[in-house]
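The values are calculated or read from the model by the stated rules, or taken from the named source; none is laboratory data. Small disclaimer: the values here were computed from a predicted structure and weren't measured. Quick reminder, even Gly has a Cβ in these numbers, built from the backbone with ideal geometry, and neighbours come from all protein chains shown.
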Amino acid sequence: MELIETRSLSKRFGQHIAVDGVNLSIKEGVCTALLGPNGAGKTTTLNLLTGLITPSTGTIEFDQSYQGDRRQYIGYLPQYPKFYEWMTGEEFVIFAGELAGLTSKQAKQRTKEMLDLVGLNDNSKKKIAGYSGGMKQRLGIAQALVHEPKLVILDEPVSALDPLGRKEVLEMMKRLKEHTSILFSTHVLHDAEQVSDDIFIMKDGKVVIEGSLTHLQNTYQKPTFFIEAEDKLEGWVETIKGQDWIDQYSLDGKNLTLTVDNVEEARKRILKDPMFQELEIYKFEVAKTSLEDLFMKVTES
């Protein structure tokens, strides 16, 4: 079931088109990643979905099962969240809950539940000024969830964190999938692979690739040979490039990456090649291209 859909969604700032005819379909009960390099239009798209800005053209439709203003069903953590650092973590989440329309009693109960969910109960009475970066991100997620939204939107939730904080937040997002739908933006595809079910890749304000994580892996990942030799490989590569079993290659002196369609056919061709047999090979590995490779290919082309 689609929780929120956009049709031909666009946003123009003066002469600049930040979002250009974007069609998104965010399903209920899944974690969706919005990927793209800086400036691709991710944050503007999220701001449109949350209602913080209005579209220039296009429509946004929320599941008709949930009546009224869609904003009451959305929780949001911006890329650079601001906190009242003189408050404790508990006070801040209660405050957010009451702003969202909860009664004082409801806000206190939900705050306890959310701080437990994000692992901050032991620090709930601590001033936010003393929180680490990872703790602040977890606190931000707690406030985004306090009113029980159907969809929580997280803008670059781990981009400013150190490796430990990044790991903490990603692990927490895996747990959140059991409680609510998630839409998050990132420019690091490895993060998306860890937690997401569906992926949209943006470039220059447009969605250029979309699909489930499984579909993208099956469609775009290809067998790859990593070969390293004692001497430079230009001579051998000249004899094989252009052959139909090679999809593409990248040569850096003594290191060669070969992407192929049929791994068994390619392996036979390589190992039976007389010139290859004369080379002093240090490494001969077979793997698959990663979705990171796909991301780099579509965003840099």
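Worth pointing out:
- Evaluation of LEU256 against (1) free of Cβ contacts under 8 Å to residues at least 40 places away in the same chain; (2) of a type outside the set (Ser, Thr, Tyr); (3) over 30 Å from GLU193 (Cα atoms) (one fails), failing number: (3)
Yes/no matrix, rows are residues, columns are (1) without any contact (Cβ under 8 Å) to a residue 40 or more places away in the chain; (2) closer than 18 Å to SER185 by Cα:
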{"residue": "THR6", "(1), (2)": "no, yes"}
{"residue": "ARG12", "(1), (2)": "no, no"}
{"residue": "THR32", "(1), (2)": "no, yes"}
{"residue": "LEU35", "(1), (2)": "no, yes"}
{"residue": "ASN47", "(1), (2)": "yes, yes"}
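- Note on the stretch 233-247: residues that are surrounded by 11 or more Cβ atoms within 10 Å (Cβ to Cβ) and under 38 Å from the mean Cα position of the chain (by Cα) amount to 8.
- Out of LEU154, LEU161, sole residue that is of a type in the set (A, V, I, L, M, F, W, C), farther than 15 Å from TYR84 by Cα and in a loop (DSSP other than H, G, I, E, B): LEU161
- Once the stretch 18-40 is narrowed to residues that are more than 21 Å from GLU193 (Cβ to Cβ) and at pLDDT below 95, the residue that is farthest from the chain's Cα centre (by Cα) is GLU28.
- Scanning the stretch 140-151 for residues that are surrounded by 23 or more Cβ atoms within 10 Å (Cβ to Cβ) and in a loop (DSSP other than H, G, I, E, B) turns up just one, VAL146.
Per-residue answers, yes or no, for (1) in contact with a helix residue (DSSP H, G or I) (Cβ under 8 Å, 6 or more places away or on another chain); (2) within 18 Å of VAL298 (Cβ to Cβ); (3) surrounded by 12 or more Cβ atoms within 10 Å (Cβ to Cβ); (4) in contact (Cβ under 8 Å) with a residue 24 or more places away in the chain:
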{"position": "SER212", "(1), (2), (3), (4)": "no, yes, yes, no"}
{"position": "GLN217", "(1), (2), (3), (4)": "yes, yes, yes, yes"}
{"position": "TYR220", "(1), (2), (3), (4)": "yes, yes, yes, yes"}
{"position": "TYR249", "(1), (2), (3), (4)": "yes, no, yes, no"}
{"position": "VAL263", "(1), (2), (3), (4)": "no, no, yes, yes"}
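- Residues of the stretch 70-122 that are under 28 Å from the mean Cα position of the chain (by Cα), small (Gly, Ala, Ser), outside any helix (DSSP H, G or I) and under 28 Å from GLU2 (Cβ atoms): GLY75, ALA100.
- Residue match in the stretch 70-81 (condition: among the aromatic types (Phe, Trp, Tyr), free of Cβ contacts under 8 Å to residues at least 60 places away in the same chain, surrounded by 15 or more Cβ atoms within 10 Å (Cβ to Cβ) and in contact with a Phe, Trp or Tyr (Cβ under 8 Å, 6 or more places away or on another chain)): no
- For the condition in contact with a strand residue (DSSP E or B) (Cβ under 7 Å, 6 or more places away or on another chain), without any contact (Cβ under 8 Å) to a residue 60 or more places away in the chain and either loosely packed, with under 13 Cβ neighbours inside 10 Å or under 19 Å from ASP191 (Cα atoms) (or both), THR43 does not qualify.
This table checks each residue for (1) surrounded by fewer than 21 Cβ atoms within 10 Å (Cβ to Cβ); (2) assigned by TED's automatic domain parsing to the domain that holds ASP63; (3) modelled with pLDDT of 90 or more; (4) within 30 Å of ILE246 (Cβ to Cβ).
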position	(1), (2), (3), (4)
GLU171	yes, yes, no, no
LYS174	yes, yes, no, no
LYS177	yes, yes, no, no
GLN194	yes, yes, no, no
PHE200	no, yes, yes, no
PHE225	yes, no, yes, yes
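- Options SER10, SER56, SER25; residue that is touching a Pro at 6+ places or on another chain (Cβ under 9 Å), among the small types (Gly, Ala, Ser) and in the same structural domain as GLU156 (by TED's automatic domain parsing): SER10
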